[in-house]
Amino acid sequence: GAGVSQSPSNKVTEKGKDVELRCDPISGHTALYWYRQSLGQGLEFLIYFQGNSAPDKSGLPSDRFSAERTGGSVSTLTIQRTQQEDSAVYLCASSLVPGSGYEQFFGPGTRLTVL
Amino acid sequence: AQSVTQPDIHITVSEGASLELRCNYSYGATPYLFWYVQSPGQGLQLLLKYFSGDTLVQGIKGFEAEFKRSQSSFNLRKPSVHWSDAAEYFCAVGEGSNTGKLIFGQGTTLQVKP
């Protein structure tokens, strides 16, 4: 079956613009995670969804970042008024159910460059 | 708070040589531990995981890791490295709640010399 897909694969934007990053999880996976991979910070957790709810948003860096999930499936990560420090690879992962005992399957990521 | 340390940022080994990548964690209880590999332009792929039981776990691609509670370590090993193993390797600990949130180390880049 299909894995986790993300779009776009690359996004170049100008400082101050808004961007939307999309994640399509594996069908039937109820848990969805967003992580950010940047040179200075490594791999950081951003937000976690259980179904359409986000019980843990603790990793979102600022109120410019938001995310939603609809239909228990597709998720969109939105960054408003992008800054150069937002440049990173944004990774999405899904698992059958939430919990550390369940493997997270990762997508290929979206590379965001803010000029 | 949980944390993961990978002391080696970059390692170079010759093809056919053995490999050990170090990982140390900080966690109060029995941790959920993972090793992921990331090839250039690819997402992360799970190599192996430890939850409980036998402290030596086998993974894909000939990798194994040993959990040592006394040393708070979960080192990754491979007896004979192949050129295709060149990639970045991440150790991670499960955050411990029901969310499954992963805390990652900084990663180790493996270069394989022919």
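The figures follow:
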| item | result |
| --- | --- |
| Total residues in region A:24-35, condition more than 11 Å from chain B (Cβ to nearest Cβ) and buried (at least 18 other Cβ atoms within 10 Å of the Cβ) | 4 |
| Extreme residue, farthest from the other protein chains (Cβ to nearest Cβ), among residues of region A:98-115 that are open to solvent by less than 10 Å² (accessible area, probe 1.4 Å) and under 17 Å from A:Ala54 (Cβ atoms) | A:Gln104 |
| Within region B:48-114, strands (runs of 3 or more DSSP E) holding 1 or more residues that are under 19 Å from B:Thr5 (Cβ atoms) and out of contact with any Lys or Arg (no Cβ under 9 Å at 6 or more places or on another chain) | B:64-68, B:73-78, B:87-94, B:102-104, B:108-113 |
| Qualifying position, being more than 10 Å from chain B (Cβ to nearest Cβ), hydroxyl-bearing (Ser, Thr, Tyr) and open to solvent by less than 30 Å² (accessible area, probe 1.4 Å), among A:Ser95, A:Ser38 | A:Ser38 |
| Hits in region A:41-59 - residues which are open to solvent by 60 Å² or more (accessible area, probe 1.4 Å) and charged (D, E, K, R) | A:Lys57 |
| Flag if B:Ser73 is touching a residue at least 60 places away in the same chain (Cβ under 8 Å), touching a strand residue (DSSP E or B) at 6+ places or on another chain (Cβ under 9 Å) and of a type in the set (Gly, Ala, Ser) | no |
| Residue that is over 20 Å from B:Lys101 (Cα atoms) and open to solvent by 50 Å² or more (accessible area, probe 1.4 Å), where the choices are A:Val19, A:Val12 | A:Val12 |
| Residue match in region B:75-83 (condition: at pLDDT 95 or above and within 14 Å of chain A (Cβ to nearest Cβ)) | no |
| Subset of region A:60-90 that is free of Cβ contacts under 8 Å to residues at least 60 places away in the same chain and within 14 Å of chain B (Cβ to nearest Cβ) - its residue that is most open to solvent (accessible area, probe 1.4 Å) | A:Leu60 |
| Count of region B:9-39 residues which are surrounded by 16 or more Cβ atoms within 10 Å (Cβ to Cβ) and in a loop (DSSP other than H, G, I, E, B) | 5 |
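The values are calculated or read from the model by the stated rules, or taken from the named source; none is laboratory data. Since the structure is predicted, the reported quantities are computational estimates derived from the model, not experimental observations. Methodologically, a virtual Cβ is constructed for each residue, glycine included, from the backbone with ideal geometry; neighbour enumeration extends over all protein chains shown. These area figures cover heavy atoms from the full protein model, side chains too; ligands, DNA and RNA do not enter into them. Shrake-Rupley method; radii C 1.70, N 1.55, O 1.52, S 1.80 Å.
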